[in-house]
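Before any comments, here is the structure.
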There are 2 protein chains.
Amino acid sequence: MSYPYRVTRNDEEPVGLDALDRVTWALRRTELAVQTLKEQRLRPLGMAAAHYTLLISVHAEPGLTGAELARRLNVTPQAIASLVARLESRGQLERREHPRHRHIQELHLTDAGREALRAADAVIVGIERRITDGLGSETARLRALLDQVAEAVREG
Amino acid sequence: MSYPYRVTRNDEEPVGLDALDRVTWALRRTELAVQTLKEQRLRPLGMAAAHYTLLISVHAEPGLTGAELARRLNVTPQAIASLVARLESRGQLERREHPRHRHIQELHLTDAGREALRAADAVIVGIERRITDGLGSETARLRALLDQVAEAVREG
DNA sequence: TCAGGAGTATCAAGTGTTTGACAGCTGCCC
DNA sequence: GGGCAGCTGTCAAACACTTGATACTCCTGA
């Protein structure tokens with residue numbers, strides 16, 4: 001009644017075999033494939049996808065704090081601290097003191113960081129373009145549907 | 001030329017600020033939200049999403065080997081071994097000797113495993129239904145678009 | 001004025017996964 | 001037959017992230 005399932009000898013087949021066709025599986029597979037390709041293409045630049053994500057976030061909102069960044073990226077502050085430490089040691093990221101709050105530290109890109117981000121973003125844009133070229137005018141539709149799914153799930 | 005970017009003093013703004021609007025970001029956000037909800041709803045059953053994924057894979061293709069499973073789920077064989085060990089210790093999964101190959105071990109669900117999978121799948125189906133209800137007739141469209149993206153990315 | 005709440009950063013321990021290396025079994029080809 | 005590629009499973013170390021706990025800073029309100 002609830003969903004189609006294969007009929008065996010008796011009615012015992014509680015779990016459908018169509019599980020691999022579900023929307024959430026397609027979602028997972030696709031996201032995994034995209035992420036894998038990004039990682040693959042970014043590796044020659046010596047940058048992990050997580051590094052790129054952090055850099056472009058700071059680029060979009062300079063002065064972001066670690067905790068705020070953690071919320072944006074859905075990870076814990078410690079994970080951010082680890083990434084920041086690495087990027088800082090490479091001279092791509094800078095921790096400045098907050099003007100009003102001594103304990104808080106703002107994050108800013110250095111020139112080297114901007115340069116690295118630029119190179120990485122070219123790679124990402126290339127991937128993005130390949131996808132949108134394939135989709136054509138359906139791109140906006142896909143994004144709308146994805147947002148709708150995210151919305152439906154979030155109010156849980 | 002390639003994509004719109006904000007103009008500053010000079011033409012120096014190599015990285016677009018529209019990065020958060022890209023399709024791959026929407027994809028990532030949505031997948032993350034779905035996965036988080038699954039994890040949340042599965043926790044009361046004492047099962048992680050990874051366990052569910054493994055169980056239903058074995059259910060769909062009984063006798064699967066660990067290595068083959070690793071390829072299916074895009075993780076390393078060690079990760080599978082870790083999950084299998086846990087599920088086996090719970091009596092939900094069984095390792096049998098391959099009929100022709102002594103060193104290889106086939107994976108099969110036990111009755112307890114089928115029962116646990118059934119309970120977990122009810123939860124997952126509930127989530128799936130909430131999504132498809134929200135999408136209505138657009139569900140098939142979304143799946144087609146996702147598959148198209150996966151295809152476009154995979155031939156890289 | 002100063003005690004407490006809110007927010008941030010960081011240390012320590014535990015968990016899960018990957019990377020690298022290695023041994024066992026089978027089947028093929030010389 | 002014997003060597004050798006190919007695949008599987010597993011051990012050890014490294015790595016990334018989370019959970020739990022603690023300290024620091026600012027702000028607010030009694």
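The values are calculated or read from the model by the stated rules, or taken from the named source; none is laboratory data. Everything numeric in this text was worked out from a predicted model, so none of it was measured. As a convention, Cβ positions derive from the backbone with ideal geometry for all residues, glycine included, and neighbour counts pool all protein chains shown. The area values use the complete protein model at the heavy-atom level, side chains included, leaving out ligands, DNA and RNA. Shrake-Rupley method; radii C 1.70, N 1.55, O 1.52, S 1.80 Å.
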Hey, among the residues in the stretch B:86-118 that are within 14 Å of chain A (Cβ to nearest Cβ) and surrounded by fewer than 15 Cβ atoms within 10 Å (Cβ to Cβ), which one's nearest to DNA strand C (Cβ to nearest atom)? B:Ala112
All-but-one check, A:Ala70 against (1) in contact with a Pro (Cβ under 7 Å, 6 or more places away or on another chain); (2) more than 23 Å from B:Ala26 (Cβ to Cβ), failing number (2)
Within the stretch A:30-45, which residues are within 16 Å of DNA strand D (Cβ to nearest atom) and more than 9 Å from chain B (Cβ to nearest Cβ)? A:Glu39, A:Leu42, A:Arg43, A:Leu45
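Can we say A:Arg22 is away from DNA strand D (no atom under 12 Å from the Cβ), at the interface with chain B (Cβ under 10 Å from one of its Cβ atoms) and closer than 20 Å to A:Glu128 by Cβ? Spell out how you get there, then give the answer.
On the way: away from DNA strand D (no atom under 12 Å from the Cβ): yes; at the interface with chain B (Cβ under 10 Å from one of its Cβ atoms): yes; closer than 20 Å to A:Glu128 by Cβ: no.
No.
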Scope the stretch A:46-85; condition more than 14 Å from chain B (Cβ to nearest Cβ), closer than 17 Å to A:Leu117 by Cα and away from DNA strand D (no atom under 11 Å from the Cβ); matching residues: A:Gly46, A:Gly63
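Looking at B:Glu128, B:Glu155, which one is closer than 30 Å to B:Ala67 by Cβ, open to solvent by 10 Å² or more (accessible area, probe 1.4 Å) and more than 7 Å from chain A (Cβ to nearest Cβ)? Before the answer, list the steps.
Values: B:Glu128 fails: more than 7 Å from chain A (Cβ to nearest Cβ).
Unique residue meeting the criteria: B:Glu155.
Take the stretch B:42-60 and flag every residue that is farther than 15 Å from B:Val84 by Cα and open to solvent by 20 Å² or more (accessible area, probe 1.4 Å). Reasoning before the result, please.
Narrowing the stretch B:42-60 to residues farther than 15 Å from B:Val84 by Cα: B:42-46, B:60.
Residues satisfying the conditions are B:Arg43, B:Pro44, B:Leu45, B:Gly46, B:Ala60.
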Would you tally the residues in the stretch B:66-85 being more than 14 Å from the chain's Cα centre (by Cα), open to solvent by 30 Å² or more (accessible area, probe 1.4 Å) and more than 7 Å from DNA strand C (Cβ to nearest atom)? 5
